[in-house]
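Below you'll find the structure I mean.
Just so it is clear, none of the values below were taken in a lab; they were calculated from the coordinates. Only a predicted model underlies this, so the values are computations on that prediction, with no experimental measurement involved. Neighbour counts are summed over all protein chains in view; Cβ atoms, including those assigned to glycine, are modelled from backbone coordinates with ideal geometry.
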Amino acid sequence: MYPDFQYLFQALTGMAMPEWLSIFKTFGFLVAMSFIGAAWATGQELKRKEKQGLLHPEFQLMVVGKPLQPVDLIFSMVTGFLLGDKAGGLFGGFHEVSQDPMSYLFSLKGNFLAGLAGALFFGYLKYAENKKQVLAEPKEVMVAVYPHDLMTEIVVVAALGGLLGAKIFNALETWDDFVKHPIDELTSSSGLTFLGGLIVATIAFYFYTKRHNIPFRHMCDAAAPGIMLAYGIGRLGCQFSGDGDWGIFNTAYLTNSDGSLRAATQAEGQMGLHLIGNAPHTWFPAPGWLPRWLVGMNYPHNVGKEGIHIAGCTGDYCSVLPVSVFPTPVYEAIVCIGLFFVLWMLRKRLKGTLQVFAVYLLLAGVERFFVELIRVNSTYDWGFIHPTQAEILSVALVITGICLLLFYRDKELPVNNEGTALEQ
């Protein structure tokens, strides 16, 4: 696995890489790529819906040429201080930071002098920029802001809402650990529940669209393919970093002392159960036509440092699982990126409002429900059934998607630029 860029580039080049590269985490990079992919797809759909007359610009009155306002200067200086403080703290302490960047970002650690320099630099940039634009007589202009112009804000809303929801639902799922170490759980880069993030991000989107007079139903349709793409790319981050989001144990393969994986006899697999205790497991050797890695991986050098020590390994990530597990992130990445293309093809064929979003909910719910059958998660005791949190939410998504397809009808017709109603 490649927990950070140091491991990644060493694997790609076969040469030793500088330690400072370990600050950049593979999971974080792919999550960033997932947001970029989702922003591109959503932006394209917003533009298409604007041309259809479904979305309209918001007209804002702006004053151009006015002198620099104190609040703008203060905001720039505070931003510069935070960036300088955290960036300066990396020098001489990057090894500690690389272990848990999220905890460092949310801590009071940093470099005050570097932060002060950053504040002065950003303040000067803001002053110089405003000086070029200031007019002797400031004037008011009316500016048309289309929904696709707001993509930067939309991404920020999605990121903050998704992160908050992911942490909240993960805390509910692992309540005992959260109560013991609440700060560590909240600032850790692990422990992210996607469905929880989706729910809170959707709520945040609702209030955001209300504020900017964007029809929420059309925003849902526009964002649906991008969300599916983001989830697929994000699962690649889980896979390449080895963040623990894998499936149940497959005792058909055992780990050697050097971290390599070997096929085991069924008798060896039974004897190897003592290595995993009461953890869920099964015996499933790969058929001859199927690559072994599709049914069994042991995630050497995983970012979660789970498993046993790799003999002769030195460094921060020297753990490997003693028994193989099903690589569920691989399954979800392949399926969800494939489903993105399905939604992308359907988006022009499904004419009704919220139909694309309904199909997304249906596909996402079914996909997650079935992958939960071979994943390890906490369960709820409901007497005769014991569902996981993800299974409950998956069923809710499927039911919601079906209800939207069967019962929702939007009677509002789009209009063109001349105000003439268009056919759906």
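³J(HN,Hα) across region 374-390 via Karplus (A = 6.51, B = -1.76, C = 1.60, θ = phi - 60°), whole Hz, x for Gly/Pro?
Once θ is set to phi - 60°, the couplings for region 374-390 become 10, 10, 9, 8, 5, 10, 9, 8, 10, x, 7, 10, 9, x, 8, 4, 5 Hz.
What is the local net charge at LEU254, summed over the other residues whose Cβ is closer than 15 Å to its Cβ (Lys, Arg +1; Asp, Glu -1)?
Details: positive: ARG262, ARG292; negative: ASP258, GLU268.
For residues surrounding LEU254, the net value is 0.
Further, regarding this structure: Once amide H atoms are placed 1.01 Å from N in the peptide plane, what residues at a sequence separation of 5 or more from ASP4, or on another chain, have their amide H within under 5 Å of its amide H?
Result for ASP4 returns THR26.
Of the listed peptides 138-145, 390-397, 357-364, what is their order by residue-averaged count of other C-beta atoms within 10 Å, with the highest listed first? Please list the in-between numbers first.
Details: 138-145: 10.6, 390-397: 19.5, 357-364: 23.5.
Highest to lowest by the protection proxy: 357-364, 390-397, 138-145.
Okay, next question. Which residues does the label zone of PHE284 cover in region 242-267, counting backbone N under 14 Å from a point 7 Å along Cα→Cβ?
246-253
Additional query: Relative contact order for region 248-326: what percent, with Cα pairs under 8 Å and sequence separation of 6 or more? Intermediate values should be presented prior to the final figure.
Values: 152 pairs, mean separation 31.8, N = 79.
Computed over region 248-326, the figure is 40 percent.
Let me ask you something else. How much FRET efficiency would the formula 1/(1 + (r/R0)^6) give for MET151 and PHE75, where r is the Cβ-Cβ distance and R0 is 22 Å, rounded to 0.05? Display every interim value, and only then the final one.
On the way: r = 21 Å, r/R0 = 0.97.
It comes out at approximately 0.55.
Now for a different question. If I model a spin label at THR13 and PHE216 as a point 7 Å from the Cα along the Cα→Cβ vector, what separation in nanometres do I get?
In this crude label model, THR13 to PHE216 measures out at 5.0 nm.
Another question, if that's okay. In whole Hz, what ³J(HN,Hα) sequence does region 276-287 give by Karplus (6.51, -1.76, 1.60; θ = phi - 60°), x for Gly and Pro?
Coupling constants for region 276-287: 10, x, 9, 5, x, 7, 7, 10, 8, x, 5, x Hz.
Holding the Cα-Cα limit at 18 Å, pick out from LYS86/LYS131; LYS109/LYS305; LYS86/LYS109; LYS66/LYS132 the pairs that are longer than that. Don't jump to the answer; show the numbers that get you there.
Details: LYS86/LYS131 29 Å; LYS109/LYS305 25 Å; LYS86/LYS109 7 Å; LYS66/LYS132 11 Å.
Pairs exceeding 18 Å: LYS86/LYS131; LYS109/LYS305.
For the residue pair ARG292 and GLU129, what label-to-label distance in nm results when each label sits 7 Å from Cα along the Cα-to-beta-carbon direction?
That separation, rounded to one decimal, is 5.5 nm.
So if I restrict to the alpha-carbon atoms in the chain, what is the Rg, and what is Dmax, the biggest pairwise distance, in Å?
Cα-based Rg and Dmax for the chain come out at 25.1, 87 Å.
I need the shape label for region 299-380. Rule: rounded when a/c is under 1.5, else prolate if a/b > b/c, else oblate, with a, b, c from the alpha carbon gyration tensor. Can you show the working numbers first?
Working: a/c = 4.21, a/b = 2.60, b/c = 1.62.
It comes out prolate by the Cα gyration axes.
Rounded to the nearest 10 degrees, what's the angle between the helix 26-52 long axis and the longest principal axis of the chain, both from Cα atoms, 0 to 90?
The angle comes out at about 40 degrees.
Kindly provide the pair-distance distribution of region 36-168 built from C-alpha pairs, with 5 Å bins from 0 and whole-percent values in order of increasing distance.
For region 36-168, the pair-distance distribution reads 2, 9, 11, 11, 14, 16, 15, 12, 7, 3, 1, 0.
Where in region 258-286 does the amide nitrogen come within less than 11 Å of the point 7 Å from the Cα of THR314, taken along Cα to Cβ?
What the label zone holds, given the 11 Å backbone N cut-off, is no residue at all.
At a 10 angstrom cut-off on C-beta neighbours, averaged per residue, how do the peptides 3-10, 51-58 rank from highest to lowest?
Values: 3-10: 20.6, 51-58: 17.0.
Answer by packing, highest mean first, reads 3-10, 51-58.
In addition: Just in region 350-387: which trypsin sites (Lys or Arg not before Pro) are loop by DSSP and have at most 13 other Cβ atoms within 10 Å?
Of the trypsin sites (Lys or Arg not before Pro), the ones in loops of region 350-387 whose Cβ has at most 13 other Cβ atoms within 10 Å are LYS351.
Stokes-Einstein D for region 248-326 at 25 °C, 0.890 mPa s, Kirkwood Rh over Cα pairs, in µm²/s? Walk me through the intermediate numbers first.
Details: Rh = 12.6 Å.
Rounded, D is 195 µm²/s.
So, one more: Amide H of TYR253: which non-local residues (sequence gap of 5 or more, or other chain) have their own amide H closer than 5 Å, using H built in the peptide plane?
ALA264, SER324
If the cut-off is a Cα-Cα distance under 21 Å, which lysines reach LYS351, setting aside same-chain residues fewer than 8 apart in sequence?
Partners found: LYS47, LYS49, LYS51, LYS411.
Which Cys residues of the chain have no other Cys Cβ less than 4.7 Å away and so no disulfide-compatible partner by this rule?
CYS220, CYS238, CYS336, CYS403
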